[in-house]
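What follows draws every value from the coordinates through simple rules; no lab data is involved. Since the structure is predicted, the reported quantities are computational estimates derived from the model, not experimental observations. As a convention, Cβ positions derive from the backbone with ideal geometry for all residues, glycine included, and neighbour counts pool all protein chains shown.
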Amino acid sequence: MDLGATICTTRNPACAICPLREHCAAARTGDPAAFPVKLEKKAKPHRHATAFWIAHEGDVLLVRRPARGMLGNMRALPTGPWQDDPPGLAGAPIEADWRGAGSVRHIFTHFSLDLRVEAAVVSARPGLNGEWWPIKAIEQAGLPTLFAKAAMLGPAAIEEMVSPT
């Protein structure tokens, strides 16, 4: 019999029918519903990073994340380091006229991340490892949730850059 699932439940414990009630410290207190004492959840660390939306003639550069680590071997936008303080443009893969496109917050199991997105339109494809993906089909790239959210910010930012004002 599973006492924790049927009798000794967190809400409305059935102490009257429990075969262990005479030996139970919670029942002796007179307030068995106060047990178990829930520990406060430890605050998750918070990190910051910058993702880079590099557009050229209707395509965006996607890279593969390192095989080991977070989101291993998945497609993503190029990023700088994931660190405790906002990195700014540290880790930018190329020199460019970067424009802020916004940011997204994502919560992983062990930490939360604010990912700032910087966008640039380049006149020639830089010699970077990665693949050029059609912006109009970015939803089919199979990006993990973090980068799918970030990718939604890129098109509007580059539209502002290439549109006449």
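Quick notes on this structure:
- Counting neighbouring beta carbons within 10 Å and listing from fewest to most, the residues 23, 48 come out as 23, 48.
- Debye, to nearest 20: dipole size of the range 72-165, +1 on Lys, Arg Cβ, -1 on Asp, Glu Cβ: 260
- Net length gained if the chain between residue 17 and residue 3 were fully extended (0.36 nm per residue, minus Cα distance): 4.0 nm
- Diffusion coefficient, µm² s⁻¹, Stokes-Einstein with Kirkwood Rh over alpha-carbon pairs of the chain at 37 °C and 0.692 mPa s: 170
- Sequence-distant residues sharing a close amide H with residue 108 (under 5 Å, placed H): 113
- All-pairs Cα distance distribution in the range 62-135, expressed in whole percent, bin size 10 Å: 15, 50, 31, 4
- When 109, 6 are sorted by how many other C-beta atoms sit within 10 angstrom of their C-beta, beginning with the fewest, the order is 109, 6.
- Spin-label model distance (nm) - residue 43 vs residue 96, 7 Å beyond Cα toward Cβ: 3.5
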